[in-house]
There are 2 protein chains.
Amino acid sequence: MTDKPLEIAILVCPGFMQIDVVGFHTIISMIPGANVHLAWKNRDEIAGAPHFPTRATTTFADCPKDLDVLFAGAVPPEVMEDAETLEFLADRGSRARWVAGVCAGSLLLGAAGLLRGYRATTNFQLHDRLPLVGAIPERGNVVEDRNRITAGPATGCHEIGFRLVQDLAGDELAMIAELASEYAPKPLFGVGTPELAGPGLTARTLAFSERLVTGLGHSAGGRG
Amino acid sequence: MTDKPLEIAILVCPGFMQIDVVGFHTIISMIPGANVHLAWKNRDEIAGAPHFPTRATTTFADCPKDLDVLFAGAVPPEVMEDAETLEFLADRGSRARWVAGVCAGSLLLGAAGLLRGYRATTNFQLHDRLPLVGAIPERGNVVEDRNRITAGPATGCHEIGFRLVQDLAGDELAMIAELASEYAPKPLFGVGTPELAGPGLTARTLAFSERLVTGLGHSAGGRG
């Protein structure tokens, strides 16, 4: 341990899923002195999905080279295949203390070569694609394998947040973070996994997610 | 029911808590054709707390007069007392089909006179202040009284989202939304309420929240 402040970088881009990153952003920021960056190619205004204007706080070029956490949530298909983005992730991920992904963000890390041979998860709609990027699929809200940590659902970004506060700043602050944000959710229906929802609702939700993703390039919810 | 699209307005402002609004924003946007606005005095760039650049998509002046949902999360103390903001909330809230608040957003609605005589909740750090704005305090993740719906913790904004999708668009879409976002959280420690945390951790968390709020005007977590 040194007194060097923690450096955390969260990928943003046009069409990124806000809901996948904001919980993590807020929780990891509870570590005193942590530098939390939103990283993209440039600092022009972009819109998260659903439409939420924002702007990176650092560029790929200016982003610290040695990160304590590299974090990605879901991004649109064109970013999943973007060479400049994949190169940035591969570079920072090769040295980062932790590499974290939520939802399709896990597959993005995988596309950058960062999950080869690692156990990982993603949202249930995309779970069967994990082997395509060399990951070993595992179901679970949060899956941790060495310094890779991935989550399926959007709220998984909170849970990755608590776990990394624990690792980077200790149990006490992590527990305070869980209570300060009153993280004791009560689902309205209790159908938040395919197992809980059953095959009928799951099939209809997959169809709904597919329509969202292929619809207006407006990827709310389905990839969340 | 008419074919008029739903009009949803979410308050944003310098220092608003992103984590209190993004879950709601994403989930309510799953209603086909819903117009989801981020409303503030102007459309200049602002930063949520912790630092997250954004910008309103509509001004108070241009925001639709008759809303299906008026929604507010936590905002800094100066906005809690800002006459123009309170006037906007009081006006839109007087006609809105639903008036929704999360964390200190509940107290903000109360300051605008919208909770007088209504059962309501807010985050545990502020719960004892509810009577100051004429609300009837009730503990619970989500408290609903007629067309007022309030939540304590930040994840409560997801839960308000599912409930209002249910009311505005039906059970089926609300259940799909819960599954599409895999809302089946698993807390790391299970200390997400004062009851679960016990008095020692609760006292230390209150002290931590107080330091955050009175610290750098940087209100991460404690008001989340």
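The values are calculated or read from the model by the stated rules, or taken from the named source; none is laboratory data. Being a predicted model, the structure only gives us computed values, none of them experimental. In this analysis, Cβ positions are derived from the backbone assuming ideal geometry, glycine residues included, and neighbour counts consider all displayed protein chains. To get the accessible areas, we keep the full protein, side chains included, count just its heavy atoms, and leave off ligands, DNA and RNA. Shrake-Rupley method; radii C 1.70, N 1.55, O 1.52, S 1.80 Å.
Is it true that B:F60 is more than 17 Å from B:L86 (Cα to Cα), without any contact (Cβ under 8 Å) to a residue 40 or more places away in the chain and in contact with a helix residue (DSSP H, G or I) (Cβ under 7 Å, 6 or more places away or on another chain)? Against the criterion (more than 17 Å from B:L86 (Cα to Cα), without any contact (Cβ under 8 Å) to a residue 40 or more places away in the chain and in contact with a helix residue (DSSP H, G or I) (Cβ under 7 Å, 6 or more places away or on another chain)), B:F60 does not qualify.
Got a number for residues in the range B:1-30 being more than 10 Å from chain A (Cβ to nearest Cβ) and either touching a helix residue (DSSP H, G or I) at 6+ places or on another chain (Cβ under 8 Å) or modelled with pLDDT of 95 or more (or both)? Lay out the reasoning, then the answer.
We begin by selecting, within the range B:1-30, every residue more than 10 Å from chain A (Cβ to nearest Cβ); these are B:1-9, B:11, B:13-16.
From what's left, either touching a helix residue (DSSP H, G or I) at 6+ places or on another chain (Cβ under 8 Å) or modelled with pLDDT of 95 or more (or both): B:6-9, B:11, B:13-16.
Of the residues in the range B:1-30, 9 are more than 10 Å from chain A (Cβ to nearest Cβ) and either touching a helix residue (DSSP H, G or I) at 6+ places or on another chain (Cβ under 8 Å) or modelled with pLDDT of 95 or more (or both).
Set side by side, the residues A:R163, A:R146, A:R119 differ, and just one is exposed (fewer than 15 other Cβ atoms within 10 Å of the Cβ) and either facing chain B (nearest Cβ under 8 Å) or among the basic types (K, R) (or both), which is A:R146.
Considering the range A:1-18, and only residues there that are open to solvent by 10 Å² or more (accessible area, probe 1.4 Å) and in contact (Cβ under 8 Å) with a residue 12 or more places away in the chain, the residue that is farthest from A:G105 (Cα to Cα) turns out to be A:P5. Among the residues making up the range A:125-143, those that are within 14 Å of chain B (Cβ to nearest Cβ) and outside any helix (DSSP H, G or I) are A:Q125, A:L126, A:R139, A:G140, A:N141, A:V142, A:V143. Return yes or no: is A:A112 within 14 Å of chain B (Cβ to nearest Cβ) and open to solvent by 10 Å² or more (accessible area, probe 1.4 Å)? Against the criterion (within 14 Å of chain B (Cβ to nearest Cβ) and open to solvent by 10 Å² or more (accessible area, probe 1.4 Å)), A:A112 does not qualify. Of the residues making up the range B:26-68, those that are hydroxyl-bearing (S, T, Y) and either under 16 Å from the mean Cα position of the chain (by Cα) or outside any strand (DSSP E or B) (or both) number 3.
Pairs linking a residue in the range B:119-131 that is without any contact (Cβ under 8 Å) to a residue 40 or more places away in the chain and among the basic types (K, R) to a residue that is in a strand (DSSP E or B) and crowded, with 22+ Cβ neighbours inside 10 Å, with Cβ atoms under 6 Å and 6 or more positions apart or on different chains, are B:R119/B:V143. Tell me, yes or no, whether the range A:82-94 has at least one residue that is open to solvent by 10 Å² or more (accessible area, probe 1.4 Å), among the aliphatic types (A, V, I, L, M) and under 18 Å from the mean Cα position of the chain (by Cα). There is at least one residue in the range A:82-94 that is open to solvent by 10 Å² or more (accessible area, probe 1.4 Å), among the aliphatic types (A, V, I, L, M) and under 18 Å from the mean Cα position of the chain (by Cα). May I ask you to verify whether A:P187 is within 7 Å of chain B (Cβ to nearest Cβ), touching a Cys at 6+ places or on another chain (Cβ under 8 Å) and either open to solvent by 50 Å² or more (accessible area, probe 1.4 Å) or over 14 Å from B:G192 (Cα atoms) (or both)? It is false that A:P187 is within 7 Å of chain B (Cβ to nearest Cβ), touching a Cys at 6+ places or on another chain (Cβ under 8 Å) and either open to solvent by 50 Å² or more (accessible area, probe 1.4 Å) or over 14 Å from B:G192 (Cα atoms) (or both). Identify, please: which residue in the range B:32-54 is of a type in the set (V, I, T) and open to solvent by 10 Å² or more (accessible area, probe 1.4 Å) and is, among those, nearest to the other protein chains (Cβ to nearest Cβ)? Looking at the filtered set, the residue picked out is B:V36.
If you filter the range A:121-167 down to residues that are among the small types (G, A, S) and modelled with pLDDT under 95, you find that the one that is farthest from A:G73 (Cα to Cα) is A:G140.
Determine whether A:Q125 is polar (S, T, N, Q) and surrounded by fewer than 23 Cβ atoms within 10 Å (Cβ to Cβ). First the steps, then the outcome.
Values: polar (S, T, N, Q): yes; surrounded by fewer than 23 Cβ atoms within 10 Å (Cβ to Cβ): no.
No: the conditions fail for A:Q125.
Can you name the residue in the range A:92-118 that is among the charged types (D, E, K, R) and free of Cβ contacts under 8 Å to residues at least 40 places away in the same chain and is also farthest from A:L70 (Cα to Cα) among such residues? Full working, then the answer.
Initially, the range A:92-118 is screened for residues among the charged types (D, E, K, R), giving A:92, A:95, A:97, A:116.
Checking which are free of Cβ contacts under 8 Å to residues at least 40 places away in the same chain leaves us with A:95, A:116.
Working: A:R95: 10, A:R116: 16 Å.
Ranking the qualifying residues of the range A:92-118, first place goes to A:R116.
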